[in-house]
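Following: one structure in C-alpha cells, then a few remarks.
Please treat every number below as a calculation from the coordinates, not as lab data. All values derive from a computational prediction rather than experimental measurement. For neighbour counting, all protein chains shown are included, and Cβ atoms are generated from backbone atoms with ideal geometry for every residue, glycine included.
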Ligand SMILES: O=C(O)CCC(=O)C(=O)O
Ligand SMILES: [Fe+2]
C-alpha cells in the first residue's frame, strides 16, 4: 500500500469516528514495513531500527492527530516495541504472554490516548496470538437497564497499570469514575478488566456483566507483517490472547503508538506530547 492510500484510509476512519459512526476500530493490511527485519528485541534496552515501519506509524499517527507518550511508560517513547519479555510472562502488560484481558489503554489517565495503533512485524511461532477488540456499542446491547445505569455512575476505581508504576512499585488508584458514559449516540468506555473494581456489590456485578459482554462481542485479529489495527480507545476495549514465546529473536513483534486528536498546549511540543509522570502531577492535571 502506498503511503498516500494509507493516509486516505486513515482519514476515512477518523472522519467516521468524529461523526460517531461506524466501527470503533479499523483493520488495514499491506502497510509498508522493513523488508529485512532485525531479530525481535529480547531485552527492553534493545531498540532495533525499523525505519520503514516507523514511517508508516508516523504517517498513521499524524493523520489521526499527533503522537502522545507518557513519561512513566517506556520513558515517554512515542514508538513502542510490543514483544514478550522473559520473566514477565504473567504480567498484565504488553510484555507478558498469558491472556491480557480487555482494557482501555491508560485507564487511569485523564489524557488517555484517543487512538491506539498496532502494526504487525512478526507473528508468534505457533500463530496463537490474537489482538482482541470489543466495541462498547455492541457490548451495551447485552446489558440490563440496571447494569447500564450502575456503570454510568462513579462507583468504580481503577489501579494504575503496572507499566506506570515500575519506577517505584507503589500501587496507585484513580478517584471513583464511571465505566460507561453516553454522549449523543456514542458510548464511551473506561475500564481495565485487570484493575477496575466496583466499590459495592451491585457495581461489581454490573462490571462483571460488562466484562462478559465484551468477551462475547470480541473480534479476534491476527496481526501478520504489515497488518494494522487502529482502535478508538474511548469506544472500544482491547486485549490479547495467550501465546508461547521462545525468546529466540523470532517472537511475536508489534510496533505500537498512541495518537491524540489534540493535546493541551502545556503538554505539546511541536507535533508530539509527552505527559509528565503521574505520581507528581496526576491530581493536579
Ligand atoms: O499484544 C497485543 O496484541 C496488544 C497488547 C496491548 O494491549 C497493547 O499493546 O496495548
Ligand atoms: Fe493495551
Once the Cα gyration tensor of the chain is diagonalised, semi-axes √(5λ) in Å
28, 21, 20
Binning at 5 angstrom from zero up to the longest distance, how are the C-alpha pair distances of the range 1-104 distributed in percent?
2, 10, 15, 19, 20, 19, 11, 4, 1
Angle in degrees between helix 3-18 and the longest Cα principal axis of the chain, rounded to the nearest 10:
0
Least to most buried among 247, 115, 25, 188, by other C-beta atoms within 10 Å and fewest first, runs 247, 188, 25, 115
In degrees rounded to 10, the 0-90 angle between helix 201-217 Cα long axis and the longest Cα principal axis of the chain is 40
So what's the angle, to the nearest 10 degrees on a 0 to 90 scale, between helix 51-64 and the longest Cα principal axis of the chain?
30
Using 18 Å as the cut-off for backbone N distance, which residues of the range 42-58 belong to the label zone defined by a point 7 Å from the Cα of residue 125 along Cα→Cβ?
42-43
Gain on full stretching of the segment that runs from residue 45 to residue 146 - 0.36 nm per residue minus C-alpha separation:
31.6 nm
Inter-part gap, Cα centre of the range 1-68 to Cα centre of the range 232-251, in whole angstrom, is 16
Have a look at the DSSP beta bridges in the chain and tell me what percent are antiparallel, nearest 5.
90
Of the convex hull drawn through the C-alpha atoms of the range 151-285, the volume per residue in Å³ is 187
Among 38, 225, 84, determine the one that fluctuates most according to a GNM of the chain built with springs between C-alpha atoms less than 10 Å apart.
38
Picking from 87, 96, 20, which is most flexible by a Gaussian network model of the chain using Cα springs under 10 Å?
87
Evaluate E = 1/(1 + (r/R0)^6) for residue 99 and residue 16, where r is the Cβ-Cβ distance and R0 equals 41 Å; express this FRET efficiency to the nearest 0.05.
0.85
Given the rule -39500 (n - 2.57) for each run of at least 4 DSSP H residues, summed and divided by the residues of the chain, what is its mean residue ellipticity at 222 nm, to the nearest 500 deg cm²/dmol?
-6500 deg cm²/dmol
Let me know the whole percent of all Cα-Cα pairs from the range 32-162 that are separated by more than 22 Å.
50
